[in-house]
Amino acid sequence: MNILIVGAGGREHSIAWKCSQSPKASSVHVTPGNGGIESIANCWYTTDYEEIVKRALEEKIDLVIMGQEDYPVNGLTEMFLDKGIKVFGASKTAAQLEGSKVFAKEFMKRQNIPSAQFSSFDDLKKAKGYLKQLAPPYVIKASGLAAGKGVLICPDLETAEKGLEEIMQDKVFGSAGDYVVIEEFMEGEEASWFVFTDGTNYVSLPSLQDHKRQKELDRGLNTGGMGCYAPAPVVTKDVEERITREIVEPTLKGMAEEGNLYKGILYVGLMISEGIPRVVEYNIRFGDPECQPLMMLLDSDLVEIAEAVADEKLDQLNVKWKDKAAAAVILASGGYPQSYEKGFTIQGLEELEQNEDLMVFHAGTQKDQNRYLTNGGRVLAVTAVGDDLQGALNRSYEAVEKIHWPGMQFRRDIGIKGLKRMVTRKIEEPQVAIILGSASDMKIADKATKILDEFGVTYDLIVSSAHRTPARTKDFVNSAPDRGTEVIIAIAGMAAHLPGVVAAYTH
Ligand code: AMP
Ligand code: GLY
(Lines give C-alpha, C1' and ligand atoms only; values in the text may rest on other atoms or scores of the structure.)
(Ligands and ions follow the chains in the order given, each with its own letter.)
Protein backbone atom coordinates (compact mmCIF):
# COMPACT_ATOMS: atom_id res chain seq x y z
CA MET A 1 0.00 0.00 0.00
CA ASN A 2 1.04 3.59 -0.56
CA ILE A 3 0.58 5.60 2.60
CA LEU A 4 0.19 9.35 3.09
CA ILE A 5 0.47 11.01 6.50
CA VAL A 6 -0.83 14.56 6.83
CA GLY A 7 1.01 16.94 9.17
CA ALA A 8 4.45 18.29 9.93
CA GLY A 9 5.61 17.53 13.46
CA GLY A 10 7.29 14.95 15.67
CA ARG A 11 3.97 13.12 15.79
CA GLU A 12 3.97 12.67 12.02
CA HIS A 13 7.65 11.64 12.07
CA SER A 14 6.86 8.85 14.53
CA ILE A 15 3.81 7.72 12.52
CA ALA A 16 5.93 7.65 9.36
CA TRP A 17 8.67 5.73 11.22
CA LYS A 18 6.17 3.11 12.35
CA CYS A 19 4.53 2.85 8.92
CA SER A 20 7.89 2.48 7.20
CA GLN A 21 8.44 -0.73 9.20
CA SER A 22 5.21 -2.25 7.94
CA PRO A 23 5.49 -5.08 5.42
CA LYS A 24 2.25 -3.72 3.95
CA ALA A 25 3.72 -0.30 3.12
CA SER A 26 5.29 -0.03 -0.31
CA SER A 27 5.82 3.73 0.02
CA VAL A 28 5.39 6.34 2.76
CA HIS A 29 4.68 10.01 2.04
CA VAL A 30 4.14 12.94 4.40
CA THR A 31 2.76 16.38 3.68
CA PRO A 32 3.90 18.97 4.45
CA GLY A 33 6.56 17.01 6.40
CA ASN A 34 9.85 18.36 7.71
CA GLY A 35 13.61 17.95 7.32
CA GLY A 36 13.90 15.02 9.71
CA ILE A 37 11.04 13.11 8.14
CA GLU A 38 12.80 13.25 4.75
CA SER A 39 15.15 10.51 5.95
CA ILE A 40 12.33 7.95 5.98
CA ALA A 41 9.55 9.30 3.76
CA ASN A 42 8.82 11.52 0.76
CA CYS A 43 7.84 14.98 1.97
CA TRP A 44 5.53 16.93 -0.35
CA TYR A 45 5.78 20.25 1.50
CA THR A 46 2.30 21.34 0.50
CA THR A 47 -0.70 22.25 2.66
CA ASP A 48 -3.00 23.07 -0.24
CA TYR A 49 -5.91 20.63 -0.11
CA GLU A 50 -6.52 20.45 -3.88
CA GLU A 51 -2.85 19.92 -4.53
CA ILE A 52 -2.59 17.23 -1.84
CA VAL A 53 -5.49 15.26 -3.33
CA LYS A 54 -4.13 15.65 -6.88
CA ARG A 55 -0.72 14.38 -5.84
CA ALA A 56 -2.31 11.55 -3.85
CA LEU A 57 -4.01 10.36 -7.03
CA GLU A 58 -0.75 10.62 -8.99
CA GLU A 59 1.17 8.67 -6.35
CA LYS A 60 -1.66 6.11 -6.10
CA ILE A 61 -2.08 6.63 -2.37
CA ASP A 62 -4.23 3.86 -0.84
CA LEU A 63 -4.49 5.04 2.75
CA VAL A 64 -4.25 8.46 4.41
CA ILE A 65 -3.44 8.88 8.10
CA MET A 66 -4.50 12.24 9.48
CA GLY A 67 -1.91 13.66 11.86
CA GLN A 68 -2.87 17.27 12.42
CA GLU A 69 -6.37 18.35 13.43
CA ASP A 70 -7.09 21.21 11.05
CA TYR A 71 -7.21 18.96 7.97
CA PRO A 72 -10.15 16.79 9.10
CA VAL A 73 -11.84 19.81 10.70
CA ASN A 74 -11.74 21.59 7.35
CA GLY A 75 -12.98 18.64 5.31
CA LEU A 76 -9.89 16.94 3.84
CA THR A 77 -11.16 13.50 4.95
CA GLU A 78 -14.19 13.78 2.64
CA MET A 79 -12.02 15.01 -0.25
CA PHE A 80 -10.07 11.74 -0.10
CA LEU A 81 -13.11 9.53 0.49
CA ASP A 82 -14.76 11.08 -2.58
CA LYS A 83 -11.81 9.80 -4.64
CA GLY A 84 -12.05 6.31 -3.15
CA ILE A 85 -8.96 6.72 -0.94
CA LYS A 86 -9.19 5.18 2.54
CA VAL A 87 -8.77 7.50 5.52
CA PHE A 88 -7.70 6.90 9.10
CA GLY A 89 -9.16 10.05 10.62
CA ALA A 90 -12.36 11.79 11.60
CA SER A 91 -15.04 13.03 9.22
CA LYS A 92 -15.69 16.76 9.13
CA THR A 93 -18.76 16.53 11.33
CA ALA A 94 -17.13 14.17 13.84
CA ALA A 95 -14.09 16.45 13.94
CA GLN A 96 -16.24 19.07 15.64
CA LEU A 97 -15.38 17.27 18.87
CA GLU A 98 -12.11 19.19 18.64
CA GLY A 99 -13.00 21.91 16.14
CA SER A 100 -15.78 23.39 18.26
CA LYS A 101 -15.55 23.45 22.04
CA VAL A 102 -19.19 24.53 22.16
CA PHE A 103 -20.11 21.39 20.19
CA ALA A 104 -17.96 19.19 22.45
CA LYS A 105 -19.35 20.63 25.68
CA GLU A 106 -22.96 20.40 24.53
CA PHE A 107 -22.39 16.85 23.30
CA MET A 108 -20.97 15.83 26.70
CA LYS A 109 -23.92 17.43 28.45
CA ARG A 110 -26.42 15.58 26.25
CA GLN A 111 -24.60 12.29 26.79
CA ASN A 112 -23.97 12.74 30.53
CA ILE A 113 -20.21 12.50 30.11
CA PRO A 114 -18.35 13.89 33.15
CA SER A 115 -16.71 17.26 32.43
CA ALA A 116 -16.58 20.79 33.88
CA GLN A 117 -19.81 22.81 34.24
CA PHE A 118 -19.96 25.46 31.51
CA SER A 119 -21.85 28.13 29.61
CA SER A 120 -21.17 29.36 26.08
CA PHE A 121 -21.50 32.88 24.70
CA ASP A 122 -21.29 34.88 21.50
CA ASP A 123 -21.97 38.15 23.31
CA LEU A 124 -19.19 39.86 25.29
CA LYS A 125 -21.51 41.62 27.71
CA LYS A 126 -23.36 38.44 28.60
CA ALA A 127 -20.08 36.55 28.98
CA LYS A 128 -18.79 39.21 31.38
CA GLY A 129 -22.02 39.09 33.35
CA TYR A 130 -21.68 35.32 33.74
CA LEU A 131 -18.08 35.62 34.92
CA LYS A 132 -19.22 37.77 37.82
CA GLN A 133 -21.30 34.89 39.18
CA LEU A 134 -18.27 32.59 39.33
CA ALA A 135 -15.30 32.28 41.65
CA PRO A 136 -11.67 32.30 40.45
CA PRO A 137 -9.73 30.81 38.80
CA TYR A 138 -11.71 31.44 35.61
CA VAL A 139 -11.36 29.12 32.61
CA ILE A 140 -12.11 30.79 29.28
CA LYS A 141 -11.87 28.97 25.95
CA ALA A 142 -12.16 30.20 22.39
CA SER A 143 -14.53 27.68 20.83
CA GLY A 144 -12.68 27.12 17.54
CA LEU A 145 -9.19 25.86 16.70
CA ALA A 146 -6.47 28.18 18.01
CA ALA A 147 -3.34 26.05 17.63
CA GLY A 148 -3.49 25.01 21.29
CA LYS A 149 -3.48 28.60 22.52
CA GLY A 150 -7.17 29.30 22.93
CA VAL A 151 -7.47 28.43 26.62
CA LEU A 152 -7.02 31.05 29.33
CA ILE A 153 -6.86 30.23 33.02
CA CYS A 154 -7.24 33.54 34.82
CA PRO A 155 -6.50 34.08 38.52
CA ASP A 156 -8.79 37.12 38.94
CA LEU A 157 -11.82 38.82 37.43
CA GLU A 158 -9.85 41.64 35.84
CA THR A 159 -7.57 39.30 33.87
CA ALA A 160 -10.55 37.17 32.90
CA GLU A 161 -12.49 40.18 31.56
CA LYS A 162 -9.43 41.32 29.63
CA GLY A 163 -9.05 37.81 28.20
CA LEU A 164 -12.68 37.79 27.07
CA GLU A 165 -12.19 41.15 25.34
CA GLU A 166 -9.10 39.89 23.54
CA ILE A 167 -10.86 36.79 22.31
CA MET A 168 -14.33 38.19 21.51
CA GLN A 169 -13.60 41.82 20.64
CA ASP A 170 -9.99 41.99 19.42
CA LYS A 171 -10.26 38.51 17.86
CA VAL A 172 -6.72 37.48 18.77
CA PHE A 173 -7.66 33.94 17.69
CA GLY A 174 -9.69 35.12 14.69
CA SER A 175 -13.09 33.51 14.16
CA ALA A 176 -12.17 30.78 16.68
CA GLY A 177 -13.25 33.41 19.21
CA ASP A 178 -16.73 34.04 17.78
CA TYR A 179 -17.99 31.81 20.56
CA VAL A 180 -16.41 31.26 23.95
CA VAL A 181 -16.89 28.62 26.57
CA ILE A 182 -16.54 29.65 30.21
CA GLU A 183 -16.17 26.68 32.49
CA GLU A 184 -15.55 25.50 36.00
CA PHE A 185 -11.90 25.07 36.99
CA MET A 186 -11.14 21.43 37.68
CA GLU A 187 -8.53 20.44 40.25
CA GLY A 188 -6.51 17.27 39.83
CA GLU A 189 -3.82 15.59 37.79
CA GLU A 190 -4.04 15.45 34.01
CA ALA A 191 -3.64 12.39 31.81
CA SER A 192 -4.07 11.60 28.12
CA TRP A 193 -6.15 8.64 26.98
CA PHE A 194 -6.41 7.31 23.44
CA VAL A 195 -8.50 4.75 21.62
CA PHE A 196 -8.33 3.47 18.07
CA THR A 197 -11.89 3.17 16.86
CA ASP A 198 -13.79 2.24 13.71
CA GLY A 199 -16.91 3.85 15.15
CA THR A 200 -18.22 0.70 16.84
CA ASN A 201 -15.20 -1.26 18.03
CA TYR A 202 -12.35 0.33 19.91
CA VAL A 203 -8.91 -0.56 21.26
CA SER A 204 -7.41 1.35 24.19
CA LEU A 205 -3.81 2.53 24.09
CA PRO A 206 -1.44 2.82 27.09
CA SER A 207 -2.15 5.81 29.33
CA LEU A 208 0.15 8.83 29.21
CA GLN A 209 0.87 12.04 31.01
CA ASP A 210 1.89 15.13 29.05
CA HIS A 211 3.72 18.16 30.52
CA LYS A 212 2.01 21.20 29.02
CA ARG A 213 3.79 23.97 30.88
CA GLN A 214 7.10 25.30 29.66
CA LYS A 215 9.03 24.97 32.90
CA GLU A 216 9.75 22.48 35.65
CA LEU A 217 7.11 21.96 38.33
CA ASP A 218 4.42 22.99 35.84
CA ARG A 219 5.40 26.64 35.81
CA GLY A 220 5.62 29.03 32.89
CA LEU A 221 3.38 29.33 29.85
CA ASN A 222 1.24 26.63 28.30
CA THR A 223 2.91 24.88 25.34
CA GLY A 224 1.94 22.14 22.92
CA GLY A 225 3.64 19.75 25.37
CA MET A 226 7.21 19.60 26.65
CA GLY A 227 7.41 15.87 27.20
CA CYS A 228 5.39 12.86 28.25
CA TYR A 229 5.60 9.32 29.49
CA ALA A 230 3.64 6.10 29.34
CA PRO A 231 2.09 4.38 31.11
CA ALA A 232 0.95 6.99 33.66
CA PRO A 233 0.43 5.56 37.16
CA VAL A 234 -2.26 8.18 37.88
CA VAL A 235 -4.43 6.05 35.58
CA THR A 236 -4.91 3.07 37.85
CA LYS A 237 -6.89 -0.01 36.77
CA ASP A 238 -9.88 1.49 38.52
CA VAL A 239 -9.54 4.85 36.79
CA GLU A 240 -9.04 3.08 33.46
CA GLU A 241 -12.26 1.20 33.96
CA ARG A 242 -14.14 4.43 34.70
CA ILE A 243 -12.64 6.17 31.65
CA THR A 244 -13.84 3.34 29.45
CA ARG A 245 -17.30 3.00 30.96
CA GLU A 246 -18.13 6.62 31.73
CA ILE A 247 -16.32 8.43 28.92
CA VAL A 248 -15.09 6.39 25.94
CA GLU A 249 -18.09 4.14 25.41
CA PRO A 250 -20.73 6.87 25.81
CA THR A 251 -18.69 9.11 23.50
CA LEU A 252 -18.52 6.57 20.67
CA LYS A 253 -22.10 5.44 21.16
CA GLY A 254 -23.37 9.02 21.41
CA MET A 255 -21.54 10.11 18.28
CA ALA A 256 -22.88 7.13 16.32
CA GLU A 257 -26.44 7.71 17.56
CA GLU A 258 -26.25 11.36 16.58
CA GLY A 259 -25.22 10.40 13.05
CA ASN A 260 -21.56 11.31 13.52
CA LEU A 261 -19.79 7.94 13.43
CA TYR A 262 -16.36 8.59 14.93
CA LYS A 263 -13.45 6.86 13.16
CA GLY A 264 -9.70 7.13 13.66
CA ILE A 265 -8.01 7.90 16.92
CA LEU A 266 -9.86 9.59 19.74
CA TYR A 267 -7.80 11.53 22.26
CA VAL A 268 -9.45 12.32 25.57
CA GLY A 269 -7.67 14.88 27.74
CA LEU A 270 -8.55 14.05 31.35
CA MET A 271 -8.44 15.62 34.77
CA ILE A 272 -8.29 13.00 37.49
CA SER A 273 -9.15 13.85 41.05
CA GLU A 274 -9.42 11.25 43.80
CA GLY A 275 -9.71 8.51 41.22
CA ILE A 276 -12.51 10.23 39.30
CA PRO A 277 -11.76 11.13 35.67
CA ARG A 278 -13.43 14.06 33.91
CA VAL A 279 -12.95 15.30 30.35
CA VAL A 280 -10.88 18.46 29.86
CA GLU A 281 -11.11 18.25 26.09
CA TYR A 282 -11.43 15.94 23.12
CA ASN A 283 -8.93 15.86 20.29
CA ILE A 284 -9.50 14.01 17.05
CA ARG A 285 -5.89 12.99 16.46
CA PHE A 286 -2.85 11.61 18.20
CA GLY A 287 -1.24 13.94 20.74
CA ASP A 288 2.13 15.48 20.08
CA PRO A 289 4.36 14.39 21.84
CA GLU A 290 2.16 11.55 23.14
CA CYS A 291 2.20 9.83 19.77
CA GLN A 292 5.98 9.33 19.83
CA PRO A 293 6.15 7.03 22.89
CA LEU A 294 2.98 5.26 21.72
CA MET A 295 4.52 4.43 18.35
CA MET A 296 7.56 3.01 20.11
CA LEU A 297 5.43 0.88 22.44
CA LEU A 298 3.14 -0.42 19.69
CA ASP A 299 4.00 -4.03 18.96
CA SER A 300 1.57 -4.40 16.04
CA ASP A 301 1.49 -3.06 12.50
CA LEU A 302 0.10 0.50 12.45
CA VAL A 303 -0.81 0.24 8.76
CA GLU A 304 -2.91 -2.82 9.49
CA ILE A 305 -4.66 -0.99 12.33
CA ALA A 306 -5.30 2.12 10.23
CA GLU A 307 -6.73 0.02 7.42
CA ALA A 308 -8.94 -1.95 9.81
CA VAL A 309 -10.25 1.34 11.21
CA ALA A 310 -10.97 2.68 7.72
CA ASP A 311 -12.69 -0.60 6.74
CA GLU A 312 -14.60 -0.80 10.05
CA LYS A 313 -13.05 -4.16 10.88
CA LEU A 314 -11.11 -3.32 14.01
CA ASP A 315 -12.70 -6.27 15.83
CA GLN A 316 -10.68 -8.61 13.62
CA LEU A 317 -7.33 -7.38 14.96
CA ASN A 318 -5.41 -8.20 18.08
CA VAL A 319 -3.42 -5.04 18.85
CA LYS A 320 -0.35 -5.67 20.99
CA TRP A 321 1.80 -3.38 23.13
CA LYS A 322 5.28 -3.88 24.50
CA ASP A 323 5.22 -4.50 28.23
CA LYS A 324 7.59 -1.57 28.77
CA ALA A 325 7.58 2.13 29.57
CA ALA A 326 8.44 5.01 27.24
CA ALA A 327 9.17 8.71 27.59
CA ALA A 328 9.69 11.68 25.30
CA VAL A 329 11.63 14.81 26.23
CA ILE A 330 11.03 17.80 23.96
CA LEU A 331 13.97 19.97 23.01
CA ALA A 332 12.64 23.40 22.13
CA SER A 333 14.02 26.67 20.79
CA GLY A 334 14.90 29.31 23.38
CA GLY A 335 11.91 31.64 23.73
CA TYR A 336 9.27 29.02 22.82
CA PRO A 337 6.24 29.18 23.24
CA GLN A 338 6.69 32.86 22.49
CA SER A 339 8.96 34.23 19.77
CA TYR A 340 12.18 32.37 18.99
CA GLU A 341 14.98 32.35 16.44
CA LYS A 342 15.35 29.58 13.87
CA GLY A 343 18.22 28.31 11.76
CA PHE A 344 20.68 27.07 14.41
CA THR A 345 22.73 24.00 13.56
CA ILE A 346 21.76 21.07 15.79
CA GLN A 347 24.85 19.42 17.18
CA GLY A 348 25.33 15.92 18.52
CA LEU A 349 22.64 14.09 16.55
CA GLU A 350 25.14 12.09 14.53
CA GLU A 351 26.70 10.66 17.72
CA LEU A 352 23.46 9.03 18.81
CA GLU A 353 22.76 5.49 17.86
CA GLN A 354 19.05 5.41 17.09
CA ASN A 355 17.21 2.11 17.29
CA GLU A 356 13.92 0.69 18.49
CA ASP A 357 14.70 1.82 22.06
CA LEU A 358 15.86 5.35 21.27
CA MET A 359 14.56 7.62 18.54
CA VAL A 360 14.95 11.33 18.04
CA PHE A 361 11.79 12.41 16.23
CA HIS A 362 11.97 15.73 14.43
CA ALA A 363 9.24 18.27 15.16
CA GLY A 364 10.70 21.42 13.61
CA THR A 365 13.88 20.88 11.62
CA GLN A 366 15.15 21.68 8.18
CA LYS A 367 17.75 19.62 6.33
CA ASP A 368 20.76 21.53 5.04
CA GLN A 369 23.16 19.19 3.25
CA ASN A 370 24.50 16.93 6.01
CA ARG A 371 23.15 18.85 8.96
CA TYR A 372 19.85 19.75 10.51
CA LEU A 373 18.83 23.30 11.36
CA THR A 374 16.23 24.30 13.94
CA ASN A 375 13.03 25.35 12.20
CA GLY A 376 10.28 25.57 14.81
CA GLY A 377 9.39 26.08 18.48
CA ARG A 378 9.44 22.44 19.39
CA VAL A 379 12.42 21.02 17.52
CA LEU A 380 13.07 17.43 18.60
CA ALA A 381 11.33 14.77 20.69
CA VAL A 382 13.95 12.53 22.25
CA THR A 383 11.95 9.36 22.81
CA ALA A 384 13.08 6.21 24.57
CA VAL A 385 11.77 2.86 25.74
CA GLY A 386 12.88 1.17 28.96
CA ASP A 387 11.91 -1.76 31.14
CA ASP A 388 10.32 0.76 33.47
CA LEU A 389 9.73 4.51 33.61
CA GLN A 390 13.09 5.15 35.23
CA GLY A 391 14.87 3.19 32.51
CA ALA A 392 13.04 5.08 29.76
CA LEU A 393 13.79 8.46 31.35
CA ASN A 394 17.46 7.59 31.85
CA ARG A 395 17.84 6.65 28.20
CA SER A 396 16.07 9.82 27.00
CA TYR A 397 18.00 12.18 29.25
CA GLU A 398 21.34 10.55 28.42
CA ALA A 399 20.64 11.29 24.76
CA VAL A 400 19.40 14.81 25.57
CA GLU A 401 22.75 15.60 27.19
CA LYS A 402 24.49 14.95 23.86
CA ILE A 403 22.35 17.31 21.77
CA HIS A 404 22.90 21.01 21.64
CA TRP A 405 22.22 24.31 19.87
CA PRO A 406 22.28 27.89 21.16
CA GLY A 407 19.27 28.62 23.36
CA MET A 408 18.00 25.02 23.44
CA GLN A 409 15.58 24.47 26.33
CA PHE A 410 13.95 21.40 27.87
CA ARG A 411 12.30 20.33 31.11
CA ARG A 412 14.36 18.26 33.48
CA ASP A 413 11.41 16.82 35.36
CA ILE A 414 9.57 14.81 32.72
CA GLY A 415 8.06 11.76 34.41
CA ILE A 416 8.70 12.93 37.94
CA LYS A 417 5.03 12.79 38.91
CA GLY A 418 4.91 9.19 37.73
CA LEU A 419 8.06 8.28 39.64
CA LYS A 420 6.74 10.00 42.72
CA ARG A 421 3.49 8.09 42.58
CA MET A 422 5.46 4.88 42.42
CA VAL A 423 7.80 5.61 45.30
CA THR A 424 6.02 7.92 47.72
CA ARG A 425 2.79 8.31 49.55
CA LYS A 426 1.27 11.78 49.84
CA ILE A 427 2.90 13.19 52.92
CA GLU A 428 1.69 16.20 54.91
CA GLU A 429 4.73 16.55 57.15
CA PRO A 430 7.71 14.85 55.56
CA GLN A 431 10.56 14.19 58.02
CA VAL A 432 13.01 14.05 55.12
CA ALA A 433 13.09 15.98 51.85
CA ILE A 434 14.89 14.67 48.79
CA ILE A 435 15.94 17.21 46.16
CA LEU A 436 17.05 15.91 42.77
CA GLY A 437 19.00 18.06 40.34
CA SER A 438 17.10 16.33 37.54
CA ALA A 439 14.65 13.47 37.08
CA SER A 440 17.51 11.29 35.85
CA ASP A 441 18.88 11.26 39.43
CA MET A 442 15.86 9.25 40.55
CA LYS A 443 17.73 5.99 40.26
CA ILE A 444 20.10 7.09 43.00
CA ALA A 445 17.22 8.43 45.08
CA ASP A 446 15.56 5.01 44.79
CA LYS A 447 18.19 3.60 47.13
CA ALA A 448 17.47 6.27 49.72
CA THR A 449 13.69 5.93 49.44
CA LYS A 450 13.86 2.16 49.90
CA ILE A 451 15.70 2.57 53.18
CA LEU A 452 13.41 5.37 54.35
CA ASP A 453 10.40 3.18 53.54
CA GLU A 454 11.95 0.29 55.45
CA PHE A 455 12.30 2.40 58.58
CA GLY A 456 8.95 4.14 58.18
CA VAL A 457 10.49 7.58 57.72
CA THR A 458 8.21 9.98 55.82
CA TYR A 459 9.70 11.91 52.91
CA ASP A 460 8.93 14.28 50.09
CA LEU A 461 10.71 14.48 46.77
CA ILE A 462 11.16 17.31 44.26
CA VAL A 463 13.29 18.17 41.24
CA SER A 464 15.07 21.48 41.61
CA SER A 465 18.41 22.49 40.21
CA ALA A 466 20.98 24.70 41.98
CA HIS A 467 21.87 26.62 38.83
CA ARG A 468 18.74 26.42 36.66
CA THR A 469 16.17 27.12 39.37
CA PRO A 470 18.14 28.68 42.25
CA ALA A 471 15.16 30.61 43.62
CA ARG A 472 13.00 27.49 43.88
CA THR A 473 15.79 25.56 45.57
CA LYS A 474 16.24 28.38 48.07
CA ASP A 475 12.49 28.65 48.80
CA PHE A 476 12.16 24.93 49.23
CA VAL A 477 15.09 24.66 51.64
CA ASN A 478 14.09 27.73 53.63
CA SER A 479 10.53 26.53 54.10
CA ALA A 480 11.46 22.90 54.87
CA PRO A 481 11.49 23.33 58.68
CA ASP A 482 7.94 24.75 58.56
CA ARG A 483 6.78 21.52 56.93
CA GLY A 484 8.37 19.49 59.71
CA THR A 485 11.35 18.41 57.62
CA GLU A 486 14.50 17.77 59.58
CA VAL A 487 16.82 16.28 56.99
CA ILE A 488 17.41 17.21 53.36
CA ILE A 489 19.08 14.84 50.93
CA ALA A 490 20.40 16.60 47.81
CA ILE A 491 21.28 14.45 44.81
CA ALA A 492 22.80 15.76 41.57
CA GLY A 493 24.65 13.32 39.36
CA MET A 494 28.45 13.60 39.50
CA ALA A 495 28.46 17.08 41.00
CA ALA A 496 28.38 18.66 44.46
CA HIS A 497 26.79 21.98 43.49
CA LEU A 498 23.29 21.16 44.62
CA PRO A 499 24.32 19.72 48.02
CA GLY A 500 26.60 22.75 48.47
CA VAL A 501 23.84 25.23 47.73
CA VAL A 502 21.35 23.36 49.93
CA ALA A 503 23.86 23.29 52.78
CA ALA A 504 24.42 27.03 52.40
CA TYR A 505 20.69 27.72 52.88
CA THR A 506 20.34 25.56 55.98
CA HIS A 507 21.33 26.77 59.42
P1 AMP B 1 -7.11 22.44 26.38
O2 AMP B 1 -6.53 23.12 25.19
O3 AMP B 1 -8.60 22.43 26.45
O4 AMP B 1 -6.46 21.09 26.62
O5 AMP B 1 -6.61 23.26 27.66
C6 AMP B 1 -5.26 23.49 27.86
C7 AMP B 1 -4.94 23.22 29.30
O8 AMP B 1 -5.68 24.09 30.15
C9 AMP B 1 -5.31 21.84 29.77
O10 AMP B 1 -4.35 20.89 29.47
C11 AMP B 1 -5.45 22.05 31.26
O12 AMP B 1 -4.17 22.07 31.86
C13 AMP B 1 -6.01 23.42 31.34
N14 AMP B 1 -7.48 23.38 31.47
C15 AMP B 1 -8.39 23.44 30.49
N16 AMP B 1 -9.64 23.39 30.98
C17 AMP B 1 -9.53 23.31 32.32
C18 AMP B 1 -10.46 23.25 33.41
N19 AMP B 1 -11.78 23.29 33.21
N20 AMP B 1 -9.96 23.17 34.66
C21 AMP B 1 -8.63 23.16 34.89
N22 AMP B 1 -7.71 23.23 33.91
C23 AMP B 1 -8.13 23.31 32.64
N1 GLY C 1 0.24 17.17 23.72
C2 GLY C 1 -1.01 17.76 23.67
C3 GLY C 1 -1.68 17.74 22.37
O4 GLY C 1 -1.24 17.13 21.42
O5 GLY C 1 -2.73 18.36 22.27
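The values are calculated or read from the model by the stated rules, or taken from the named source; none is laboratory data. This one's a predicted model, so the numbers in the text were calculated from it and none came from an experiment. FYI the Cβ positions are ideal-geometry reconstructions off the backbone, even for glycines, and counts take in every protein chain you see. Heads up: the accessible areas ignore ligands, DNA and RNA and are worked out on the full protein's heavy atoms, side chains in. Shrake-Rupley method; radii C 1.70, N 1.55, O 1.52, S 1.80 Å.
Could you tally the net charge around Lys324, taking each other residue with its Cβ under 15 Å from the Cβ of Lys324, Lys/Arg +1 and Asp/Glu -1? Kindly include the intermediate steps, with their values, before the conclusion.
Values: positive: Lys320, Lys322, Arg395; negative: Asp299, Asp323, Glu356, Asp357, Asp387, Asp388.
Cβ neighbours under 15 Å give a net charge of -3.
If you take every DSSP beta bridge whose two residues both sit in the chain, what share of them, in percent to the nearest 5, is antiparallel?
Numbers: 62 of 88 bridges.
The answer is about 70 percent antiparallel.
In terms of the Cα gyration tensor, with a ≥ b ≥ c the square roots of its eigenvalues, is the stretch 304-372 rounded because a/c is under 1.5, prolate because a/b exceeds b/c, or oblate?
On the way: a/c = 2.48, a/b = 2.03, b/c = 1.22.
Because a/c hits 1.5 or more and a/b exceeds b/c, the stretch 304-372 counts as prolate.
Can you classify the stretch 138-177 as rounded, prolate or oblate using the Cα gyration tensor, where a ≥ b ≥ c are the square roots of its eigenvalues, rounded means a/c under 1.5, and otherwise it's prolate if a/b beats b/c and oblate if not? Could the numbers behind the result be given before it?
On the way: a/c = 2.78, a/b = 1.50, b/c = 1.86.
Judged from the Cα gyration tensor, the stretch 138-177 comes out oblate (a/c at least 1.5, b/c at or above a/b).
Once the Cα atoms of helix 157-168 and of the chain are each reduced to a long axis, what angle between those two axes, in degrees from 0 to 90 to the nearest 10, is obtained?
That helix lies at roughly 20 degrees to the long axis.
Per the helix-only calculation at 222 nm, which mean residue ellipticity applies to the chain, given -39500 (n - 2.57) for every DSSP H run of n ≥ 4 and division by its residues, nearest 500 deg cm²/dmol? Can you show the working numbers first?
Working: 17 runs with 150 residues, N = 507.
That calculation yields -8500 deg cm²/dmol at 222 nm.
Got a sec to turn the phi values of the stretch 494-507 into Karplus ³J(HN,Hα) couplings, 6.51 cos²θ - 1.76 cosθ + 1.60 with θ = phi - 60°, whole Hz, x for Gly and Pro?
After applying 6.51 cos²θ - 1.76 cosθ + 1.60, I find 6, 9, 10, 4, 4, x, x, 5, 4, 4, 5, 8, 9, 8 Hz.
What accessible area per residue, rounded to a whole number of Å², is obtained for the stretch 321-458 using a probe radius of 1.4 Å?
47
Would you mind checking which residues have amide H under 5 Å from Gly227's amide H? H placed 1.01 Å from N; only 5 or more apart, or other chain.
Close amide H contacts, sequence-distant or interchain: His211, Ile330.
Quick one: ranking Met296, Met1 by accessible area, 1.4 Å probe, largest first, what do you get? Write down the numbers at each step before the final one.
Working: Met296 0, Met1 45 Å².
Greatest to least solvent exposure: Met1, Met296.
Check the straight Cα-Cα distances from Lys322 and name the aspartates and glutamates below 13 Å, setting aside those fewer than 8 residues away within the same chain.
Cross-link targets: Asp299, Asp301, Glu356, Asp357, Asp387, Asp388.
Protein chains only, probe 1.4 Å: how do Thr200, Thr345, Thr473 rank by accessible area, largest first? Can you show the working numbers first?
Values: Thr200 105, Thr345 45, Thr473 0 Å².
Result of the area sort, largest leading: Thr200, Thr345, Thr473.
Can you give me the solvent accessible area of Lys141 with a 1.4 Å probe, rounded to the nearest 10 Å²?
About 10 Å², ignoring ligands and nucleic acids.
Using a 1.4 Å probe on the protein heavy atoms, what percent of the accessible area of the stretch 106-190 belongs to carbon and sulfur? List each step's numbers first, then the result.
Values: 2190 of 4570 Å².
Percent of accessible area from carbon and sulfur atoms in the stretch 106-190: 48.
Within 12 Å, Cβ to Cβ, of Val28, how many net charges do the neighbouring residues add up to if Lys/Arg are +1 and Asp/Glu are -1? Mind showing how you got there, number by number?
Working: positive: Lys18, Lys24; negative: Glu12, Glu38, Glu59, Asp62.
Here the count lands on -2.
Amide H neighbours of Tyr262 under 5 Å, counting only residues 5+ apart in sequence or on other chains, H built in-plane at 1.01 Å?
Correct list: Ala256.
Between the stretch 349-384 and the stretch 334-348, how far is it from one alpha carbon centroid to the other, in angstrom?
The two parts, judged by their Cα centres, are 13 Å apart.
Near Lys125, which aspartates and glutamates are there with a Cα under 18 Å away, not counting those fewer than 8 places off in the same chain?
Lys125 reaches Asp156, Glu158, Glu161, Glu165, Glu166, Asp170, Asp178, Glu183.
With respect to the cross-link table entries Lys126/Lys162; Lys60/Lys86; Lys149/Lys367; Lys24/Lys86; Lys149/Lys215, which display a Cα-Cα separation exceeding 21 Å? Intermediate values should be presented prior to the final figure.
Values: Lys126/Lys162 14 Å; Lys60/Lys86 11 Å; Lys149/Lys367 28 Å; Lys24/Lys86 15 Å; Lys149/Lys215 17 Å.
From Lys126/Lys162; Lys60/Lys86; Lys149/Lys367; Lys24/Lys86; Lys149/Lys215, over 21 Å: Lys149/Lys367.
Which residues' amide hydrogens lie under 5 Å from the amide hydrogen of Ile434, considering only partners 5 or more residues apart or on another chain, with H built in the peptide plane?
Asp460, Leu461, Ile462, Ile489
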